[in-house]
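The values are calculated or read from the model by the stated rules, or taken from the named source; none is laboratory data. Not measured: the values here are computed from a predicted model. Cβ atoms come from the backbone with ideal geometry, glycine included; neighbour counts cover every protein chain shown. Accessible surface is based on the protein model in full, side chains and every heavy atom, while ligands, DNA and RNA are left aside. Shrake-Rupley method; radii C 1.70, N 1.55, O 1.52, S 1.80 Å.
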Amino acid sequence: MSRLEHNDVVLFQGDSITDAGRDLNKPGDLGKGYALMTAGWFGMNFPEKNVTFLNRGISGNRVSDLRERWQEDCLELKPTWVSVYIGINDCWRRYDRNDPTDPESFKAGYRELLERTARTGARLILIEPFVLPYPEDRKAWREDLDPKIHAVRELSAEFGAPLVPLDGLFARAASVREPSFWTLDGVHPTPAGHALIADAWLQTMGLSRS
(Lines give C-alpha, C1' and ligand atoms only; values in the text may rest on other atoms or scores of the structure.)
Protein backbone atom coordinates (compact mmCIF):
# COMPACT_ATOMS: atom_id res chain seq x y z
CA MET A 1 0.00 0.00 0.00
CA SER A 2 1.30 3.43 -0.93
CA ARG A 3 2.56 5.58 1.93
CA LEU A 4 1.79 8.69 -0.12
CA GLU A 5 -1.57 10.35 0.44
CA HIS A 6 -3.63 12.95 -1.36
CA ASN A 7 -1.98 16.37 -1.66
CA ASP A 8 1.32 15.22 -0.16
CA VAL A 9 4.42 17.30 -0.90
CA VAL A 10 7.53 15.16 -1.40
CA LEU A 11 10.90 16.88 -1.17
CA PHE A 12 14.04 15.19 -2.51
CA GLN A 13 17.19 16.46 -0.79
CA GLY A 14 20.83 15.58 -1.30
CA ASP A 15 23.87 16.03 -3.51
CA SER A 16 24.61 15.66 -7.23
CA ILE A 17 22.85 12.30 -7.53
CA THR A 18 19.62 13.99 -6.50
CA ASP A 19 20.44 17.27 -8.26
CA ALA A 20 20.97 15.42 -11.56
CA GLY A 21 21.45 18.58 -13.59
CA ARG A 22 18.34 20.45 -12.45
CA ASP A 23 18.01 24.15 -13.23
CA LEU A 24 18.56 25.88 -9.88
CA ASN A 25 16.66 28.93 -11.15
CA LYS A 26 13.47 26.94 -11.72
CA PRO A 27 11.93 25.81 -8.40
CA GLY A 28 9.86 23.11 -10.06
CA ASP A 29 12.70 21.50 -12.03
CA LEU A 30 13.27 17.90 -10.91
CA GLY A 31 16.52 17.34 -12.80
CA LYS A 32 17.16 14.38 -15.08
CA GLY A 33 17.59 11.54 -12.58
CA TYR A 34 15.74 9.38 -10.10
CA ALA A 35 13.63 12.25 -8.72
CA LEU A 36 12.18 12.94 -12.18
CA MET A 37 11.68 9.23 -12.86
CA THR A 38 9.94 8.72 -9.52
CA ALA A 39 7.63 11.69 -9.95
CA GLY A 40 6.83 10.74 -13.53
CA TRP A 41 5.90 7.16 -12.68
CA PHE A 42 3.82 8.18 -9.68
CA GLY A 43 2.00 10.92 -11.55
CA MET A 44 1.17 8.58 -14.42
CA ASN A 45 -0.28 5.93 -12.12
CA PHE A 46 -1.90 8.09 -9.45
CA PRO A 47 -2.88 11.44 -11.02
CA GLU A 48 -5.88 11.71 -8.70
CA LYS A 49 -3.64 11.93 -5.61
CA ASN A 50 -2.32 15.37 -6.61
CA VAL A 51 1.10 14.74 -5.05
CA THR A 52 3.70 17.46 -5.58
CA PHE A 53 7.36 16.52 -5.99
CA LEU A 54 10.20 18.98 -5.35
CA ASN A 55 13.96 18.64 -5.77
CA ARG A 56 16.50 20.66 -3.82
CA GLY A 57 19.58 18.48 -4.29
CA ILE A 58 22.79 20.44 -4.91
CA SER A 59 25.92 18.95 -6.44
CA GLY A 60 28.85 18.53 -4.07
CA ASN A 61 26.84 18.84 -0.89
CA ARG A 62 27.75 17.15 2.37
CA VAL A 63 25.75 16.95 5.58
CA SER A 64 27.29 20.25 6.70
CA ASP A 65 25.98 21.95 3.55
CA LEU A 66 22.47 20.63 4.12
CA ARG A 67 22.54 21.97 7.66
CA GLU A 68 23.34 25.48 6.39
CA ARG A 69 20.45 25.59 3.93
CA TRP A 70 17.89 23.36 5.65
CA GLN A 71 15.58 26.17 6.81
CA GLU A 72 15.18 27.67 3.34
CA ASP A 73 15.49 24.56 1.20
CA CYS A 74 13.49 22.21 3.38
CA LEU A 75 11.48 23.53 6.31
CA GLU A 76 10.10 26.63 4.59
CA LEU A 77 8.80 24.49 1.72
CA LYS A 78 6.48 22.69 4.21
CA PRO A 79 6.90 19.19 2.76
CA THR A 80 4.91 16.29 4.15
CA TRP A 81 7.68 13.86 3.17
CA VAL A 82 11.42 14.57 3.06
CA SER A 83 13.63 12.12 1.20
CA VAL A 84 17.28 12.52 2.22
CA TYR A 85 20.14 11.10 0.16
CA ILE A 86 23.50 12.30 1.43
CA GLY A 87 26.90 10.89 2.40
CA ILE A 88 29.04 10.09 -0.59
CA ASN A 89 30.73 13.51 -0.61
CA ASP A 90 31.42 13.21 3.11
CA CYS A 91 33.48 10.20 2.03
CA TRP A 92 34.87 11.49 -1.29
CA ARG A 93 36.40 14.69 0.12
CA ARG A 94 38.73 12.56 2.23
CA TYR A 95 40.27 11.14 -0.93
CA ASP A 96 40.35 14.09 -3.31
CA ARG A 97 40.88 17.02 -0.90
CA ASN A 98 42.16 15.44 2.31
CA ASP A 99 39.07 16.88 4.01
CA PRO A 100 37.48 13.96 5.84
CA THR A 101 34.28 13.81 7.85
CA ASP A 102 34.49 11.36 10.72
CA PRO A 103 31.51 9.00 11.23
CA GLU A 104 30.52 10.58 14.54
CA SER A 105 30.30 14.10 13.07
CA PHE A 106 28.45 12.78 10.04
CA LYS A 107 25.87 11.02 12.18
CA ALA A 108 25.44 13.94 14.59
CA GLY A 109 24.91 16.42 11.77
CA TYR A 110 22.51 14.09 9.99
CA ARG A 111 20.55 13.52 13.21
CA GLU A 112 20.17 17.28 13.66
CA LEU A 113 18.60 17.57 10.20
CA LEU A 114 16.17 14.77 10.97
CA GLU A 115 15.24 16.20 14.36
CA ARG A 116 14.51 19.62 12.88
CA THR A 117 12.38 18.02 10.17
CA ALA A 118 10.49 15.67 12.48
CA ARG A 119 9.45 18.60 14.67
CA THR A 120 7.44 19.98 11.74
CA GLY A 121 5.42 16.78 11.45
CA ALA A 122 6.97 15.87 8.10
CA ARG A 123 7.76 12.20 7.57
CA LEU A 124 11.19 10.99 6.52
CA ILE A 125 12.63 8.50 4.06
CA LEU A 126 16.39 7.89 4.04
CA ILE A 127 18.47 6.70 1.12
CA GLU A 128 21.82 5.15 1.98
CA PRO A 129 24.87 6.10 -0.10
CA PHE A 130 26.71 3.52 -2.19
CA VAL A 131 29.91 3.10 -4.16
CA LEU A 132 30.86 0.58 -6.83
CA PRO A 133 34.45 -0.49 -7.61
CA TYR A 134 34.76 1.52 -10.82
CA PRO A 135 37.43 2.68 -11.20
CA GLU A 136 39.44 0.35 -9.02
CA ASP A 137 40.49 2.99 -6.50
CA ARG A 138 36.89 3.17 -5.28
CA LYS A 139 37.49 -0.10 -3.42
CA ALA A 140 39.57 1.81 -0.86
CA TRP A 141 36.57 4.06 -0.12
CA ARG A 142 34.79 1.25 1.69
CA GLU A 143 36.81 1.95 4.81
CA ASP A 144 35.35 5.44 5.02
CA LEU A 145 31.90 4.91 3.53
CA ASP A 146 30.81 1.75 5.35
CA PRO A 147 30.56 3.43 8.79
CA LYS A 148 28.49 6.21 7.22
CA ILE A 149 26.16 3.67 5.62
CA HIS A 150 25.72 2.04 9.03
CA ALA A 151 25.00 5.47 10.52
CA VAL A 152 22.21 6.05 7.98
CA ARG A 153 20.73 2.65 8.78
CA GLU A 154 20.84 3.39 12.49
CA LEU A 155 19.20 6.78 12.00
CA SER A 156 16.50 5.15 9.89
CA ALA A 157 15.66 2.85 12.80
CA GLU A 158 15.94 5.66 15.36
CA PHE A 159 13.45 7.90 13.52
CA GLY A 160 11.21 5.15 12.17
CA ALA A 161 12.01 6.28 8.65
CA PRO A 162 11.76 3.93 5.66
CA LEU A 163 15.20 3.06 4.30
CA VAL A 164 16.19 2.66 0.64
CA PRO A 165 19.08 0.14 0.85
CA LEU A 166 21.06 1.23 -2.21
CA ASP A 167 24.45 -0.17 -1.30
CA GLY A 168 23.28 -3.76 -1.42
CA LEU A 169 21.04 -3.16 -4.41
CA PHE A 170 23.85 -1.71 -6.51
CA ALA A 171 26.22 -4.48 -5.44
CA ARG A 172 23.66 -7.04 -6.58
CA ALA A 173 23.05 -5.16 -9.84
CA ALA A 174 26.81 -5.14 -10.50
CA SER A 175 26.75 -8.93 -10.41
CA VAL A 176 24.36 -8.87 -13.36
CA ARG A 177 26.10 -6.19 -15.42
CA GLU A 178 29.48 -4.54 -14.87
CA PRO A 179 29.66 -1.49 -12.55
CA SER A 180 30.17 0.89 -15.48
CA PHE A 181 26.70 -0.06 -16.74
CA TRP A 182 25.16 1.35 -13.56
CA THR A 183 27.49 4.27 -12.77
CA LEU A 184 29.76 6.65 -14.62
CA ASP A 185 32.43 6.64 -11.92
CA GLY A 186 31.32 4.28 -9.17
CA VAL A 187 29.11 7.03 -7.72
CA HIS A 188 27.09 8.97 -10.32
CA PRO A 189 24.39 6.77 -11.87
CA THR A 190 23.80 6.15 -15.54
CA PRO A 191 20.16 6.25 -16.70
CA ALA A 192 19.89 2.58 -15.68
CA GLY A 193 21.34 3.42 -12.28
CA HIS A 194 18.89 6.27 -11.76
CA ALA A 195 16.05 3.94 -12.73
CA LEU A 196 17.30 1.44 -10.16
CA ILE A 197 17.17 4.14 -7.46
CA ALA A 198 13.68 5.25 -8.53
CA ASP A 199 12.43 1.68 -8.47
CA ALA A 200 13.91 1.07 -5.01
CA TRP A 201 12.41 4.33 -3.71
CA LEU A 202 8.97 3.46 -5.01
CA GLN A 203 9.09 -0.05 -3.59
CA THR A 204 10.20 1.29 -0.21
CA MET A 205 7.19 3.61 -0.29
CA GLY A 206 4.84 0.71 -0.93
CA LEU A 207 4.70 1.12 -4.70
CA SER A 208 5.98 -0.97 -7.58
CA ARG A 209 6.98 -0.11 -11.12
CA SER A 210 6.35 -3.66 -12.34
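If the only charges are +1 at each Lys and Arg Cβ and -1 at each Asp and Glu Cβ, what is the size of the charge dipole of segment 53-142 around the Cα centre, to the nearest 20 debye?
On the way: 16 positive and 15 negative charges, 44 e Å.
Once rounded to the nearest 20, the dipole reads 220 debye.
What share of the DSSP beta bridges in the chain is antiparallel, in percent to the nearest 5?
Working: 1 of 17 bridges.
Just about 5 percent of them are antiparallel.
In whole percent, how big is the carbon plus sulfur part of the accessible area of the chain, probe 1.4 Å, protein atoms only? Spell out each step's value before the answer.
Details: 4780 of 9460 Å².
Carbon and sulfur atoms account for 51 percent of the accessible area of the chain.
Rg over Rh of segment 141-189, using C-alpha atoms and the Kirkwood radius, what does it come to? Spell out each step's value before the answer.
On the way: Rg = 12.6 Å, Rh = 12.1 Å.
Ratio value, two decimals: 1.04.
Determine the per residue accessible area of the chain with all protein chains present and a 1.4 angstrom probe, expressed in square angstrom.
Ligands and nucleic acids excluded, the result is 45 Å² per residue.
Along the Cα→Cβ direction, 7 angstrom out, place labels at HIS6 and ARG177. What is the inter-label distance in nm?
Simple spin-label model gives 4.0 nm for this pair.
Using only helices, what value at 222 nm comes out for the chain when you add -39,500 (n - 2.57) per DSSP H run of length 4 or more and divide by the total residues, to the nearest 500 deg cm²/dmol? Write down the numbers at each step before the final one.
Values: 9 runs with 96 residues, N = 210.
Result for the chain: -13500 deg cm²/dmol, rounded to the nearest 500.
Identify all lysines with a Cα-Cα distance to LYS139 below 29 Å; exclude those on the same chain that are fewer than 8 residues away in sequence.
Partners within reach: LYS32, LYS107, LYS148.
Report the one residue of CYS91, SER180, LEU207 whose Cα lies farthest in the direction of the positive end of the charge dipole of segment 81-210 (charges on C-beta: Lys and Arg +1, Asp and Glu -1; origin at the Cα centre).
LEU207
Using the alpha-carbon centroid of each, what span in Å lies between segment 81-103 and segment 157-210?
18
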